[in-house]
């Protein structure tokens, strides 16, 4: 089963344990700590797009990408119902090539849904999608378990995946974002793309 089919099947079955049904607390944290309105922002692996709707409502120029057609249909329907606009695309993020680099990327646990052997290719995409000095708002899933998805995003592994020659890690400690159920949580970090 390919990735598109696998994720689409989960959406069609309503088996979406990762979906909070509302905006993640991580977004409120980022908005309070410097995510500036009117920026061009990308949300890869946007799902049904709770954060897409909120950022569009606040005046951001939002581009949203997901591989599952059912998720994208739900997002488009919600945008229409709320009289909001975002650039919404259904497709494989590994094939996505924007015409212009983004000011910011909101990485809400998309990485943890990607097989570990694809992480480097995804990290390279994130770097390519951002303009110089662009900001990566990054929530790392902490499962403490083998296998996935979601796959555990060990902090030391993430420091290697996003190395200092390319990325500046902010000095502030991460924000811990609890999950609605269970013992998993996310660590939210801000990274800046170096030129």
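Each value in this text was obtained by applying a stated rule to the coordinates, not by laboratory testing. Keep in mind the model is a prediction, meaning the values are calculated, not measured. A quick note on method: Cβ atoms are made from the backbone with ideal geometry, for glycine too, and the neighbour counts reach across all protein chains shown.
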(request) For region 53-94, enumerate the residues that are assigned to a helix (DSSP H, G or I), within 18 Å of residue 130 (Cβ to Cβ) and without any contact (Cβ under 8 Å) to a residue 40 or more places away in the chain. (result) 94
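So which residues in region 87-112 are more than 27 Å from residue 59 (Cα to Cα) and in contact with a helix residue (DSSP H, G or I) (Cβ under 8 Å, 6 or more places away or on another chain)?
Step one: of region 87-112, the residues more than 27 Å from residue 59 (Cα to Cα) are 94-95, 112.
94, the sole residue that qualifies.
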(request) Determine if region 96-115 includes at least one residue that is in contact with a strand residue (DSSP E or B) (Cβ under 9 Å, 6 or more places away or on another chain), touching a residue at least 60 places away in the same chain (Cβ under 8 Å), under 20 Å from residue 191 (Cβ atoms) and part of a helix (DSSP H, G or I). (result) yes
(request) Test each condition in (1) assigned to a strand (DSSP E or B); (2) surrounded by 19 or more Cβ atoms within 10 Å (Cβ to Cβ) for residue 123 and report the one that comes out false. (result) (1)
(request) Could you tell me which numbered condition residue 146 fails, if it satisfies all but one of (1) closer than 22 Å to residue 30 by Cα; (2) assigned to a loop (DSSP other than H, G, I, E, B); (3) more than 15 Å from the chain's Cα centre (by Cα)? (result) (1)
(message) Among the numbered criteria (1) within 19 Å of residue 65 (Cα to Cα); (2) surrounded by fewer than 11 Cβ atoms within 10 Å (Cβ to Cβ), which one does residue 164 miss?
(response) (1)
(request) Looking at (1) part of a loop (DSSP other than H, G, I, E, B); (2) farther than 19 Å from residue 106 by Cα, find the lone condition where residue 157 falls short. (result) (1)
